[in-house]
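Reviewing the structure listed below.
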Amino acid sequence: MTMHLTRTRALLAGAALLLAAAPTAYAGLAEADSSAPERGAPYIETQLFFGTARPDGGAAVTDRQCMAFVDEEVTPGFPDGLTVQSGRGRWRDVSGRIERERSYELILLYPVERSAASDRKIEDIRRAYEKEFGQQAVGRVDDRARVDF
């Protein structure tokens, strides 16, 4: 029993050391990455998160409806390409309830110099999805990226 406790304490101490060293390890990786040559052009990556559950309890947005929306509302403004991925989402609605729903993630990449025009199009897409499918919100994440095709 004593040997088991000693071994457990040693494992816990080792884990604590690893956790304490993690920020240093990540800093080392970041420093190594900064010396790597930059590839590609400066782009913005925007992710939009489309939920499918309707707050009024109506039928969920179908795959066919979502893809028709992408074809009609998104593709004309971003004809160079986009990606749609299926997912399972969770979010807290305006009443405080945790909603679980099938969702779609739309990924858009566009050059930094087109960010102002793209931003307007993306906000129009968000509002159109909310209106068409009775959604409370469409989540958005923007990040800088370097892209090479």
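Descriptive notes on the structure:
- Average accessible surface for the range 44-115: 60 Å² per residue, computed with a 1.4 Å probe over protein heavy atoms with every protein chain in place.
- Placing a pseudo-label 7 Å from each Cα along the Cα-to-Cβ vector at GLU105 and ARG127 gives an inter-label distance of 2.7 nm.
- Per-pair calculated FRET efficiency, R0 = 41 Å: ARG146 and GLU72 via Cβ, rounded to 0.05: 0.85
- Of the chymotrypsin sites (Phe, Trp or Tyr not before Pro) in the range 43-147, not one is in a loop by DSSP (not H, G, I, E or B) with at most 11 other beta carbons within 10 Å.
- Annotation note: trypsin sites (Lys or Arg not before Pro) in the range 89-132 located in DSSP loop regions with a Cβ neighbour count of at most 13 within 10 Å are ARG97.
The values are calculated or read from the model by the stated rules, or taken from the named source; none is laboratory data. Computed from a prediction, not measured in an experiment: that's the story for all the values here. Reconstructed Cβ throughout: ideal geometry from the backbone, glycine too, with neighbour counts over all protein chains shown. All accessible areas refer to the heavy atoms of the entire protein, side chains included, with ligands and DNA or RNA removed. Shrake-Rupley method; radii C 1.70, N 1.55, O 1.52, S 1.80 Å.
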